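J.: Just dropping this structure here.
The values are calculated or read from the model by the stated rules, or taken from the named source; none is laboratory data. Keep in mind it's a predicted model, so treat the numbers as computed, not measured. For neighbour counting, all protein chains shown are included, and Cβ atoms are generated from backbone atoms with ideal geometry for every residue, glycine included. These area figures cover heavy atoms from the full protein model, side chains too; ligands, DNA and RNA do not enter into them. Shrake-Rupley method; radii C 1.70, N 1.55, O 1.52, S 1.80 Å.
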Amino acid sequence: NGLEVLVKEDHARKVAALQLWVKVGSADEELSEGGISHLIEHMAFKGTKRRGLGQIASEVEALGGDINAYTSWDETVFHITVPSSATAQGLDILIDAVLRPTIDPQELAKEKQVVLEEILEGEERPARKASKLLFHTAYEKSPYKYPIIGYKDVVEKFTRDDILAFRKKWYVPENMFLLVVGDVNAAQIRDEVQRLTADLKPQG
């Protein structure tokens, strides 16, 4: 289906680091989409058809692992670190969260408020204001001039349909890669990923 999988075996520690990279970030957004990549990142852990609200984080914690994500100009990255004995469960959670979120309208409304508060907080922090001014000055024509988090008047207008349309365009197997490093077996990882993504089709 076009999903690239990169595995590096390192058996020094009984741990596995799993990262699912989506090759889209704020530099790929239209002006009317400013901040949508960051908002989608927030929504990934808000539940899937198989996992309700809060279940993703609780499952990872029960495994003794850690889950997080970040958005930059060119990529959105979701990552889980788990004991290597829980690698299969970690992969299942990560792929389910990133590729099959429900995008519940009520949770979207709540998360938009969280992001809007982040935006307002950034306006009050000198370091963030200076950084924003620096990039706006250094990149006159590049989309790097715009803040990754977006602008209040744009973010507050996003709807569930906007989120789904953006995901349909960018969150496709051929625009992603999975990175696995740690106490794992490469052949087993390949088989597990093929099983977990068997229903995904390339969009290109």
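J.: Here is a list of conditions, (1) among the acidic types (Asp, Glu); (2) over 15 Å from Leu20 (Cα atoms); (3) modelled with pLDDT of 95 or more, and Asp199 meets all of them except one; can you say which number that is?
T.: All conditions pass for Asp199, except number (3).
J.: Being farther than 30 Å from Gly182 by Cβ and at pLDDT 95 or above: is that true of Val154 here?
T.: yes
J.: Can you pull out every residue in region 106-120 that is in contact with a helix residue (DSSP H, G or I) (Cβ under 8 Å, 6 or more places away or on another chain) and either surrounded by fewer than 12 Cβ atoms within 10 Å (Cβ to Cβ) or free of Cβ contacts under 8 Å to residues at least 12 places away in the same chain (or both)?
T.: Val114, Leu120
J.: Mind checking whether some residue in region 64-78 is within 22 Å of Leu20 (Cα to Cα), at pLDDT 95 or above, open to solvent by 50 Å² or more (accessible area, probe 1.4 Å) and in contact with a Phe, Trp or Tyr (Cβ under 6 Å, 6 or more places away or on another chain)?
T.: yes
J.: Also: Within the set of pairs 6+ apart or on separate chains, which have a first residue in region 63-85 that is in contact (Cβ under 8 Å) with a residue 60 or more places away in the chain, a second that is open to solvent by 20 Å² or more (accessible area, probe 1.4 Å) and among the hydroxyl-bearing types (Ser, Thr, Tyr), and C-beta atoms under 8 Å apart?
T.: Between residues of region 63-85 that are in contact (Cβ under 8 Å) with a residue 60 or more places away in the chain and residues that are open to solvent by 20 Å² or more (accessible area, probe 1.4 Å) and among the hydroxyl-bearing types (Ser, Thr, Tyr), the close pairs are Trp73/Tyr144.
J.: Right, something else. Of (1) in contact with a Leu (Cβ under 8 Å, 6 or more places away or on another chain); (2) at pLDDT 95 or above; (3) not β-branched (Val, Ile, Thr), His11 satisfies all except one. Which?
T.: Condition (1) is where His11 drops out.
J.: For region 7-24, give me each residue that is surrounded by fewer than 22 Cβ atoms within 10 Å (Cβ to Cβ) and of a type outside the set (D, E, K, R).
T.: Across region 7-24, the qualifying residues are Val7, His11, Ala12, Val15, Ala17, Gln19, Trp21.
J.: Additional query: Taking region 41-58 only, how many residues are surrounded by fewer than 18 Cβ atoms within 10 Å (Cβ to Cβ) and in contact (Cβ under 8 Å) with a residue 24 or more places away in the chain?
T.: Total meeting the criteria: 3.
J.: Condition first: without any contact (Cβ under 8 Å) to a residue 60 or more places away in the chain and either open to solvent by 30 Å² or more (accessible area, probe 1.4 Å) or basic (Lys, Arg) (or both). Can you find one or more residues in region 170-183 that meet it?
T.: no
J.: Given Tyr139, Tyr146, which one is farther than 30 Å from Ala16 by Cα and surrounded by fewer than 17 Cβ atoms within 10 Å (Cβ to Cβ)?
T.: Tyr139
J.: Which number in (1) in a loop (DSSP other than H, G, I, E, B); (2) loosely packed, with under 13 Cβ neighbours inside 10 Å; (3) not β-branched (Val, Ile, Thr) marks the one condition that Glu61 misses?
T.: In the conditions (1) in a loop (DSSP other than H, G, I, E, B); (2) loosely packed, with under 13 Cβ neighbours inside 10 Å; (3) not β-branched (Val, Ile, Thr), Glu61 misses (1) alone.
J.: Further question: Can you tell me how many residues in region 25-40 are buried (at least 21 other Cβ atoms within 10 Å of the Cβ) and part of a helix (DSSP H, G or I)?
T.: 6
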